[in-house]
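Read the structure below first, then the notes.
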Amino acid sequence: MTVESTAARGKPRRPAAKRTAGKRQQPEPGPKPEMVQLLTPEGERVEHPDYALETTPEQLRELYRDMVLTRRFDAEATALQRQGELGLWPSLLGQEAAQIGSGRALRETDYVFPTYREHGVAWCRGVDPTKLLGMFRGVNHGGWDPASNNFHLYTIVIGSQALHATGYAMGVVKDGADVAVVAYFGDGASSQGDVAEAFTFAAVYNAPVVFFCQNNQWAISEPTERQTRVPLYQRAQGYGFPGVRVDGNDVLAVLAVTRAAAEHARTGQGPMLVEAFTYRMGAHTTSDDPTRYRRKEELEVWEAKDPLLRLRRLMERENAADDAFFTDLDAESDALARRVREAIRTMPDPDGMAMFEHTYADGHTLVDEERAQYGAYVASFADHHEGD
């Protein structure tokens, strides 16, 4: 999918824009809006002075399909956890636009460091959805090869991937590669020291890294207003690089902003912080009960801003899809759900000794001792059984 966006190096320029079908609202004169938005919750296209995006009906359908299938996979994984097939599942419900928009803005050669909720980004990077389930079932530590898709394994430790991404980006500069590195994290992780250190190193070394913060309003039960005195994107100013807030439920705005941020990084202008202002519609994970700390009225407000609903409204307004498209997509979603259920229930149990592999590139005395001790422990059960 090719979607053209324009943002000049340094301060983005606004070129003469071609119009898609349907009337677009012109920006009001005066100060720029704090949040970049190209698609209103009502499904109306608007323009932003710094970010222009042209789309075709086919591209709108592709973005909508990405979000629908990602949401269906996520719902199926949640159901499987409730049925005892997974130990835990972190849902992305409500954050599809932030993930699909940013994921589709990247080149294949760019490298992504995710947290544990970037199922939509994984989809965009070509990672089979079924491979995301192994870690949460407890059969592996990550079911895909990061080098195959330039998509690192999920990171459970909060905020550490920001440092990993920064270090990788510093290496990219030494290699002279035309690559942008993207670190995903949430508003809660922005309070971690690891993220602050990553900001410092990225700024000092002018590293080509995009810090993509999905501000879903809640760090488990802690609201954003208890984590920061200023909007999160403004933190970048203190480190000496630009930050921007984008409507995280607007897949078109996220696409345009992330594409510009990645180009900013690739062209030697250093890091950039993107705050995708979105909302976590479900629980933090399946072990969480959001009704204990979140009001129903708040959820209802954000349900009206649903990222899938607003894009569908645009498509219907511009006749970008017919009934057959939505019918076929429903069938494709059902097929994906069936494939996910079959995959999770047929995953083989892991070799218990495999946990000692790949811990270090070379041999390690302590790991060797632990492997031997654990092997003897496991063997003792077999000896006991034979004795019976």
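The values are calculated or read from the model by the stated rules, or taken from the named source; none is laboratory data. Everything quoted here is computed from the prediction, not taken from an experiment. Virtual Cβ from ideal backbone geometry, glycine too; neighbours counted across all protein chains shown. Areas reflect the complete protein model, heavy atoms only, side chains present, ligands, DNA and RNA absent. Shrake-Rupley method; radii C 1.70, N 1.55, O 1.52, S 1.80 Å.
Cα centroid separation, the stretch 53-77 to the stretch 320-382: 26 Å. Taking the DSSP bridge list for the stretch 3-345 and keeping only pairs wholly inside it, about 20 percent are antiparallel. Its DSSP H runs of at least 4 residues, each contributing -39,500 (n - 2.57), put the calculated 222 nm mean residue ellipticity of the chain at -13000 deg cm²/dmol, to the nearest 500. Extension gain, Ala361 to Tyr205, is 53.4 nm, computed as 0.36 nm per intervening residue step minus the present C-alpha separation. Averaged over its residues, the chain has an accessible area of 48 Å² per residue, based on protein heavy atoms and a 1.4 Å probe. List the trypsin sites (Lys or Arg not before Pro) within the stretch 209-278 that DSSP assigns to loop and that have no more than 12 neighbouring Cβ atoms inside 10 Å. Passing both the DSSP loop test and the Cβ count: Arg229.
One equal scatterer on each Cα of the stretch 3-345, no solvent, Debye formula: the resulting log10 I(q)/I(0) at q = 0.06, 0.07, 0.10, 0.11 Å⁻¹ is -0.20, -0.27, -0.56, -0.69.
Inter-part distance, the stretch 134-151 to the stretch 183-240, computed on C-alpha centroids, equals 26 Å. Translational diffusion of the stretch 107-236 was estimated from the Stokes-Einstein equation, with Rh taken as the Kirkwood radius over Cα pairs; at 10 °C and 1.306 mPa s the coefficient is 104 µm²/s. State the percentage of accessible surface on the chain attributable to carbon and sulfur atoms; use a 1.4 Å probe and exclude ligands, DNA and RNA. About 51 percent, which is the carbon plus sulfur part of the accessible surface.
Once Lys and Arg get +1 and Asp and Glu get -1 on their Cβ, which of Ile100, Ala75, Ala169 lies farthest toward the positive end of the dipole of the stretch 29-173? Positive-most Cα among the choices belongs to Ala75. Available extension along the chain between Glu369 and Asp175 is 66.1 nm, counting 0.36 nm per residue and deducting the alpha carbon span. Set the Cα radius of gyration of the stretch 192-328 against 2.2 N^0.38 Å, with N its number of residues, and you get 1.25. Model label points for Arg317 and Glu34, set 7 angstrom from Cα along the Cα-to-Cβ axis, are 2.5 nm apart.
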